[in-house]
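Data block below; observations after.
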Amino acid sequence: MTTREHIASIPLTADDPTAEASIGGLVRDATAHVSTLVRAEVELAKGEITKEIKKGVKGSVFFIVALTVLCFSLFFLFMALGFGFAEWFGWGYWAGFGLVFAVMLLTAVAFAFLGYRKVKKIRAPEKSIAAAKDTVAALTHRDSQRRGDDN
């Protein structure tokens, strides 16, 4: 069993072609047709946007999978670096992996510091807060004036 969506449509001919149309009837019909046309346009836009959002979600899933594979692949890069440092410097494996750990730790500290500096610069939206306070004050003042006039 299939379901069909109801799509609004505007009739191309009058229901009764022999009937004389009054100005009021014409205005009523025009208003109904414009309303139907607007609803049809909204439905069309909603359908197109939904379709595009679904495409975007599907595309973002591929990006998420690629990022996940990349994150798991970094383990092998760090292993190769550890063995490489141990081989290159002639140290034991513990020293090669210790060097990799130190480099990763310094990188994490550097990015944490940069993030802290950026977050520290965040300020409250002072203009919006001031505007909201002004609006509340104006409405409160107007309400108190109205109450004073009634008493």
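Check off (1) modelled with pLDDT under 85; (2) in the same structural domain as Leu99 (by TED's automatic domain parsing); (3) not small (Gly, Ala, Ser) for Phe72 and give me the number that stays unchecked.
(1)
Where residues in segment 91-125 are of a type in the set (Gly, Ala, Ser) and outside any helix (DSSP H, G or I), which of them is modelled with the lowest pLDDT?
Checking each candidate, the answer is Ala124.
Restricting attention to segment 111-137, which residues are surrounded by 10 or more Cβ atoms within 10 Å (Cβ to Cβ) and of a type in the set (Asp, Glu)?
The answer is Asp134, and nothing else.
The values are calculated or read from the model by the stated rules, or taken from the named source; none is laboratory data. The structure displayed is predicted, hence computed values, not measured ones. Here Cβ is always computed from backbone atoms with ideal geometry, including for glycine, and neighbour counts include all displayed protein chains.
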